[in-house]
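K.L.:
Got a structure here, written out as structure tokens. Questions coming.
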Amino acid sequence: RQDVTEFLPAMAGANREVAEAVRRGDVLGLVDANSRFHHAFSLCSRNDYLVSALHKVRCETNRLAYLSFNNEIDPLRSLNDHYRSVVDHHDRVIRCVEDRDGKELARVVTVHVEAFQKRIVLYLAT
């Protein structure tokens, strides 16, 4: 088994920067820190092809992330609730990697992706 714990400090640091950007109301900083979190997480795969592919997707996704992080979209959930859930999801991803809990990691990542997807669909529908 390969040790992926070397990527945890970068993931945790990026997530702290996500939370700090939220506190400052810095949406561009939030998008950047979020992207760095996801890049560090992709490195856990230790698969250069996957890291490269995910980087390309993240470049495109950052445009959508800006929309997701900069707009009140969901009438049932505030933007601040969304911010808190993003930080929480990232923290849970970090714990799953630390604990090598693949099953829970898959569940958390699925919830995280579906929340993003829902916000973008709601944005496009308005």
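The values are calculated or read from the model by the stated rules, or taken from the named source; none is laboratory data. If you're wondering where the values come from, they're calculated on a predicted model, not measured in any experiment. Heads up, the Cβs are rebuilt from the backbone with ideal geometry, glycines too, and the neighbour counts pull from every protein chain shown. SASA here: full protein model, heavy atoms, side chains in, ligands and nucleic acids out. Shrake-Rupley method; radii C 1.70, N 1.55, O 1.52, S 1.80 Å.
K.L.:
If you take the charge dipole of the chain about its Cα centre, with +1 on Lys and Arg Cβ and -1 on Asp and Glu Cβ, which of Ile120, Leu30, Tyr83 is farthest toward its positive end?
P.N.:
Ile120
K.L.:
Ignoring ligands, DNA and RNA, please state the percent of accessible area on the chain from carbon and sulfur, probe 1.4 Å.
P.N.:
55
K.L.:
Show me the three semi-axes of the equivalent ellipsoid for segment 1-65, from the C-alpha gyration tensor (sqrt of 5 times each eigenvalue), largest first, rounded to whole Å.
P.N.:
They are 22, 16, 5 Å, listed from largest to smallest.
K.L.:
What number results when the radius of gyration of the chain, computed over Cα atoms, is divided by 2.2 N^0.38 Å?
P.N.:
After normalising by residue count via 2.2 N^0.38 Å, the value is 1.04.
K.L.:
Once R0 is set to 22 Å, what does the formula 1/(1 + (r/R0)^6) return for the Cβ-Cβ distance between Leu76 and Lys103, expressed as a FRET efficiency to the nearest 0.05?
P.N.:
Once rounded, the FRET efficiency stands at 0.15.
K.L.:
Per residue, how much accessible surface does the chain expose to a 1.4 Å probe? Answer in Å², no decimals.
P.N.:
For the chain, the per-residue accessible area is 61 Å².
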